[in-house]
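What follows is a short report on a single structure.
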Amino acid sequence: MTVRVLTLVGSLRAGSHNRQLAEAAVEHAPDGVHVEIYDDLADLPFYNEDIDTTDTVPSAATHLREAVTAADAVLLCSPEYNGTIPAVLKNAIDWLSRPFGTGALQNKPTAVVGTAFGQYGGVWAQDEARKAAGIAGAKVLDSATLSIPGSGTRFAETHPRNDTEVIEGLRKVLDELTAHATAV
């Protein structure tokens, strides 16, 4: 059995270190784990109940919901913007939380990792992402964490996929996601 992990990256920037972190997860996933990066978060309109109806739900929202539903687990890669979760990631969680109680994140094993420029590696944003995903119904794995500080200097000349500490941390997170996904 292959465990499918869908990764949502909270930064749209092409050179994002969190995007690179997600790429490292794809490249170094343990055997039996397929990690896929969801690339269409920029297409999601801001969540609005007026357009989240059977007749008017945007195709981008439907596509995201279907992708998360098809996954066995979710990995959120979150940078920290002004001390909190980036809007693009929060917006995705909002779309995935509906319909309330039965959204695509409902009971989905979910972990949050990330890197940020500051000395704490974006832990405030990652805590907020865990909180939002949990309220949205996800089965958040609070112990499956990886916060990498100093991204601007640490990854200035090397990609996270070449950082032994990052690879080990990602594998631990993916192992825990896998264990919870197969236990469901």
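Step by step: first the residues of segment 99-138, then only those that are in a loop (DSSP other than H, G, I, E, B) and among the hydroxyl-bearing types (Ser, Thr, Tyr), then the one that is surrounded by the fewest Cβ atoms within 10 Å (Cβ to Cβ). Which residue is that? It comes out as Thr102.
Please find, within segment 139-160, the residue that is surrounded by the most Cβ atoms within 10 Å (Cβ to Cβ) out of those that are under 17 Å from the mean Cα position of the chain (by Cα) and over 16 Å from Val5 (Cβ atoms). Filtering segment 139-160 for residues that are under 17 Å from the mean Cα position of the chain (by Cα) and over 16 Å from Val5 (Cβ atoms), the one surrounded by the most Cβ atoms within 10 Å (Cβ to Cβ) comes out as Pro160.
Taking segment 145-181 as the search range and keeping residues that are charged (D, E, K, R) and not in a helix (DSSP H, G or I), which one is modelled with the highest pLDDT?
Kept after step one, since they are charged (D, E, K, R), are these residues of segment 145-181: 154, 157, 161, 163, 165, 168, 171-172, 175-176.
So of that shortlist, the ones also not in a helix (DSSP H, G or I) come out as 157, 163.
On the way: Glu157: 91, Asp163: 96.
Per the criteria, the residue is Asp163.
Pairing residues of segment 172-184 that are more than 9 Å from Ala111 (Cβ to Cβ) with residues that are among the β-branched types (Val, Ile, Thr), at Cβ distances under 6 Å and at least 6 apart in sequence or on separate chains, gives Thr178/Val3; Thr178/Val33; Ala181/Val3. When segment 89-118 is filtered for residues that are within 11 Å of the chain's Cα centre (by Cα) and within 26 Å of Asp50 (Cβ to Cβ), the ones remaining, listed by number, are Leu89, Lys90, Ala92, Ile93.
In segment 25-46, of all residues being out of contact with any Leu (no Cβ under 6 Å at 6 or more places or on another chain) and part of a helix (DSSP H, G or I), the one that is farthest from Ala125 (Cα to Cα) corresponds to Glu27.
The residues listed here are Ala29, Ala14, Ala25, Ala60; of these, the one that is among the aliphatic types (A, V, I, L, M), more than 16 Å from the chain's Cα centre (by Cα) and surrounded by 15 or more Cβ atoms within 10 Å (Cβ to Cβ) is Ala60.
Rundown of residues vs (1) within 29 Å of Glu176 (Cα to Cα); (2) of a type in the set (Val, Ile, Thr), yes/no style:
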position	(1), (2)
Pro45	no, no
Asp50	no, no
Thr62	yes, yes
Ala70	yes, no
Leu76	yes, no
Pro86	yes, no
Phe100	yes, no
Lys108	yes, no
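Residue-level check: of (1) polar (S, T, N, Q); (2) in contact (Cβ under 8 Å) with a residue 40 or more places away in the chain; (3) in contact with a Gly (Cβ under 8 Å, 6 or more places away or on another chain), Ser147 misses just (2).
A Cβ distance below 6 Å, combined with a sequence gap of six or more or placement on separate chains, defines the contacts here; from segment 38-62, residues that are closer than 15 Å to Phe100 by Cβ reach residues that are part of a loop (DSSP other than H, G, I, E, B) and not β-branched (Val, Ile, Thr) in the pairs Asp52/Arg98.
The values are calculated or read from the model by the stated rules, or taken from the named source; none is laboratory data. Values in this document were obtained by computation on a predicted structure and should not be read as measured data. So basically every Cβ, Gly included, is an ideal-geometry build from the backbone, and we count neighbours across all protein chains shown.
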